[in-house]
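Visitor: Quick one: structure below, then a few questions.
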Amino acid sequence: MDIFQMERSGYGSKRFPKLVVSFLVAFCLLYMASMVYRSSTFVLIDEVAKDNGAGEVAENVTTPSESEDKHPSGTESMVVDKLLGGLLATGFDEESCISRYQATSYRKASPHKPSAYLVSKLRKYEDLHKRCGPNTEPYKRALKKLSSSHINGTTDCNYIVWTPSNGLGNRIISMASSFLFAVLTNRVLLVDHGTDMAGIFCEPFPNTSWLLPMDFPLTNQFYSLQPGNGHSYGHLLKINNMNISAVSQPPSFLHIYLAYNYDKHDKLFFQDQNQGFLQKVPWLILKSDQYFVPYLFLIPSFQQELGRLFPDKETVFHHLVRYLFHPSNQAWGLITRFYRAYLASADQKIGLQVRVFDRKASPVNVVLEQILGCIKKEKLLPQVDEQKPIASPSKNQTLRAITIASLYPEYYERIKSMYWMKPAVNGDVIGVYQPSHEEVQHFGNNLHNMKAWAEISILSLSDVLVTSSWSTFGYVAQGLGGLKPWILYVPAGNHPTDQPCPRGMSMEPCFHFPPDYYRISNTRQRLDSGSLVPHVRQCEDASKGIKLFNAKQL
């Protein structure tokens with residue numbers, strides 16, 4: 001019986017729907033089975049990713065959905081290295097610090113990879129911090145030694161306690177410096193964030209805290225940390241006629257004062273021949289507002305280790321700041337909301353940081369002329385068309401977004417007005433934005449520091465960055481972003497300079513106030529950094545300062 005006979009006899013009309021239903025049931029069963037298999041496969045991949053060792057460098061197994069993250073702009077798909085080439089450890093609760101692994105998708109991938117030795121050293125430090133950190137038994141034993149005037153024998157763990165000085169930029173660069181010193185000397189870094197930095201950063205080390213406990217016995221001494229302090233290392237040298245060997249037993253703690261106004265005795269901290277003595281002191285209480293890393297490269301006993309940690313000399317701060325400082329969820333909310341509202345769709349993001357130290361000495365019109373001279377000379381933004389009120393249509397129209405970070409609104413208002421009143425000569429669309437303008441720097445204010453940290457982070461997401469000379473705020477942004485900035489020289493007077501913003505040769509911060517001499521065998525020798533190591537040179541923006549460069553580029 002053929003199909004037509006079945007239809008005519010009524011057999012086909014009854015049998016055919018049953019065949020269709022059977023086929024659909026079978027198809028659904030097969031589909032469900034394939035999905036179960038696929039789901040179990042993804043679970044297996046995810047378990048492998050979780051089991052992946054913390055010490056592995058950039059060998060991160062991820063699910064297909066994780067491996068193809070998009071930039072926030074949605075214009076490009078790329079594989080995101082969440083662990084920054086092994087710089088960051090696994091084992092964190094991602095929801096507790098969303099920025100730790102999400103921030104990398106907001107900026108271009110860094111071409112600067114950490115050395116395998118640095119990655120290994122960081123994992124070892126994390127183990128040390130977990131073993132000796134707050135509330136551990138070694139920490140409690142070390143606290144008991146603080147009440148002793150001198151130390152007999154060795155201690156399980158040694159510490160360096162960082163205390164704050166000056167603004168947020170100064171604090172970040174000095175914390176990074178203190179951490180590197182801790183790594184070099186096998187110490188545990190504890191930081192006193194106080195109330196004005198509370199909740200700004202995430203914890204950098206897994207399964208422990210870097211925050212100094214509030215009941216630390218010497219907290220009441222922190223405010224007396226000044227040049228010549230009676231408990232300082234410099235004072236100890238002074239009363240012993242610069243002869244540290246005359247000290248029979250090391251004290252249980254010493255103050256290390258390395259802020260901008262430190263005296264000649266405090267500067268002797270950098271003497272290589274006395275580092276051995278410092279190693280015997282369990283507690284070092286440090287106050288600094290400087291990026292003193294370049295001088296660590298001039299201490300002979302540290303040079304070999306630093307060379308292994310950082311073969312690329314101008315990436316020291318870039319790696320340190322990305323490792324240590326992650327915006328808290330509250331700060332990350334400020335950053336991402338601004339980014340998505342104003343920057344995400346831009347073809348090019350330009351950051352301009354304007355720091356004016358003396359408003360009377362640097363009038364607004366003169367500083368603005370310097371900024372516009374910088375933009376024009378370096379061709380960072382197109383000029384406006386003075387003839388046409390409307391830009392000609394262009395198929396290759398570019399959207400450029402410029403973020404201005406400044407305490408003052410005048411520079412933003414003038415630049416925004418310039419591109420609103422006149423079109424760009426090449427038809428580009430220019431958006432000008434300023435997250436905040438606080439007018440004055442509020443020391444000791446938590447919200448002010450939160451905003452400052454958000455603006456530093458937003459600047460670090462730029463493709464092009466202009467920073468102000470001498471500004472630690474700009475140093476942190478360039479380090480986070482891995483950027484060599486154009487350095488805006490803020491004029492002091494009634495005329496702008498001929499070279500408004502030369503390009504920086506290194507993305508490292510400047511050590512503004514280094515010691516200007518070595519003391520060797522009690523004879524003073526002027527510091528000529530170029531004759532000591534090839535990668536330490538004079539800063540571009542501070543004639544008395546020193547910074548790290550790649551020697552091959554000089």
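Visitor: For the stretch 380-431, how many residues are of a type in the set (Lys, Arg), closer than 28 Å to GLN478 by Cβ and modelled with pLDDT under 95?
Guide: Result for the stretch 380-431: 0.
Visitor: Go through the stretch 257-289 and give me each residue that's open to solvent by less than 10 Å² (accessible area, probe 1.4 Å) and part of a loop (DSSP other than H, G, I, E, B).
Guide: Answer for the stretch 257-289, where residues must be open to solvent by less than 10 Å² (accessible area, probe 1.4 Å) and part of a loop (DSSP other than H, G, I, E, B): LEU258, ALA259, VAL281, PRO282, SER288, ASP289.
Visitor: Then there is this: When the stretch 344-391 is examined, which residues are found to be polar (S, T, N, Q), in contact (Cβ under 8 Å) with a residue 40 or more places away in the chain and loosely packed, with under 15 Cβ neighbours inside 10 Å?
Guide: SER345, GLN383
Visitor: Only residues that are part of a loop (DSSP other than H, G, I, E, B), touching an Asp or Glu at 6+ places or on another chain (Cβ under 9 Å) and either surrounded by fewer than 16 Cβ atoms within 10 Å (Cβ to Cβ) or of a type in the set (A, V, I, L, M, F, W, C) (or both): list them for the stretch 184-208, please.
Guide: PHE205, ASN207
Visitor: Take the stretch 446-487 and flag every residue that is surrounded by fewer than 24 Cβ atoms within 10 Å (Cβ to Cβ) and touching a Cys at 6+ places or on another chain (Cβ under 7 Å).
Guide: Passing the criteria: only TRP486.
Visitor: Could you tell me which residue of the stretch 488-507 is surrounded by the most Cβ atoms within 10 Å (Cβ to Cβ), considering only residues that are hydrophobic (A, V, I, L, M, F, W, C) and in contact with a helix residue (DSSP H, G or I) (Cβ under 8 Å, 6 or more places away or on another chain)?
Guide: Looking at residues that are hydrophobic (A, V, I, L, M, F, W, C) and in contact with a helix residue (DSSP H, G or I) (Cβ under 8 Å, 6 or more places away or on another chain), I get LEU488.
Visitor: Evaluate the following for ASP516: is it open to solvent by less than 80 Å² (accessible area, probe 1.4 Å), over 16 Å from VAL316 (Cα atoms), modelled with pLDDT under 90 and out of contact with any Ser or Thr (no Cβ under 9 Å at 6 or more places or on another chain)?
Guide: yes
Visitor: Can you tell me which residue within the stretch 146-162, out of those that are surrounded by fewer than 13 Cβ atoms within 10 Å (Cβ to Cβ) and small (Gly, Ala, Ser), is modelled with the lowest pLDDT?
Guide: GLY153
Visitor: Surrounded by fewer than 19 Cβ atoms within 10 Å (Cβ to Cβ) and polar (S, T, N, Q): does that describe SER394?
Guide: So SER394 fits the description; yes.
Visitor: Can you name the residue in the stretch 80-131 that is among the charged types (D, E, K, R) and within 29 Å of ASP463 (Cα to Cα) and is also most open to solvent (accessible area, probe 1.4 Å) among such residues?
Guide: Filtering the stretch 80-131 for residues that are among the charged types (D, E, K, R) and within 29 Å of ASP463 (Cα to Cα), the one most open to solvent (accessible area, probe 1.4 Å) comes out as LYS108.
Visitor: Here's a check for you: in the stretch 225-247, which residue that is part of a loop (DSSP other than H, G, I, E, B) and touching a residue at least 24 places away in the same chain (Cβ under 8 Å) is least open to solvent (accessible area, probe 1.4 Å)?
Guide: Among them, the one singled out is LEU225.
Visitor: Return yes or no: is SER245 modelled with pLDDT under 95 and of a type in the set (Ser, Thr, Tyr)?
Guide: So SER245 passes the test.
Visitor: Now a separate question. Within the stretch 272-319, can you find the residues that are under 25 Å from ASN220 (Cα atoms) and not hydrophobic (A, V, I, L, M, F, W, C)?
Guide: Listed by number, the residues that qualify are GLN279, LYS280, PRO282, LYS287, SER288, ASP289, GLN290.
Visitor: Name the residue that is surrounded by the most Cβ atoms within 10 Å (Cβ to Cβ), counting only residues in the stretch 406-445 that are within 15 Å of SER462 (Cβ to Cβ) and free of Cβ contacts under 8 Å to residues at least 40 places away in the same chain.
Guide: VAL432
Visitor: Out of PHE222, PHE181, report the one residue that is in contact with a Ser or Thr (Cβ under 6 Å, 6 or more places away or on another chain), outside any loop (DSSP other than H, G, I, E, B) and of a type in the set (A, V, I, L, M, F, W, C).
Guide: PHE222
Visitor: Could I ask something else about it? For the stretch 321-347, which positions are part of a helix (DSSP H, G or I) and either under 20 Å from PHE179 (Cα atoms) or modelled with pLDDT under 95 (or both)?
Guide: VAL321, ARG322, TYR323, LEU324, listed by residue number.
Visitor: Looking at this structure, is THR403 hydroxyl-bearing (Ser, Thr, Tyr), under 29 Å from THR104 (Cβ atoms) and open to solvent by less than 10 Å² (accessible area, probe 1.4 Å)?
Guide: Taking the combined requirement at face value, the residue satisfies it.
Visitor: Can we say TYR295 is within 21 Å of the chain's Cα centre (by Cα), surrounded by fewer than 23 Cβ atoms within 10 Å (Cβ to Cβ) and under 30 Å from SER252 (Cβ atoms)?
Guide: yes
A quick yes/no check of all residues on (1) in a helix (DSSP H, G or I); (2) in contact with a strand residue (DSSP E or B) (Cβ under 8 Å, 6 or more places away or on another chain); (3) under 30 Å from SER436 (Cβ atoms):
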{"site": "GLU305", "(1), (2), (3)": "yes, no, no"}
{"site": "HIS319", "(1), (2), (3)": "yes, no, yes"}
{"site": "LYS349", "(1), (2), (3)": "no, yes, yes"}
{"site": "SER362", "(1), (2), (3)": "no, no, yes"}
{"site": "LEU368", "(1), (2), (3)": "yes, no, yes"}
{"site": "GLN387", "(1), (2), (3)": "no, no, no"}
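Visitor: Here's something else I'd like to know. Does LYS376 satisfy the condition of being within 28 Å of the chain's Cα centre (by Cα), not in a loop (DSSP other than H, G, I, E, B) and not aliphatic (A, V, I, L, M)?
Guide: Considered against the rule, which asks whether it is within 28 Å of the chain's Cα centre (by Cα), not in a loop (DSSP other than H, G, I, E, B) and not aliphatic (A, V, I, L, M), LYS376 comes out as no.
The values are calculated or read from the model by the stated rules, or taken from the named source; none is laboratory data. In this text the structure is predicted, and so the values were computed from the model without any measurement. Cβ: placed from backbone, ideal geometry, glycine included. Neighbour counts: every protein chain shown. Quick note on the areas: whole protein, heavy atoms, side chains included, nothing else; ligands and nucleic acids left out. Shrake-Rupley method; radii C 1.70, N 1.55, O 1.52, S 1.80 Å.
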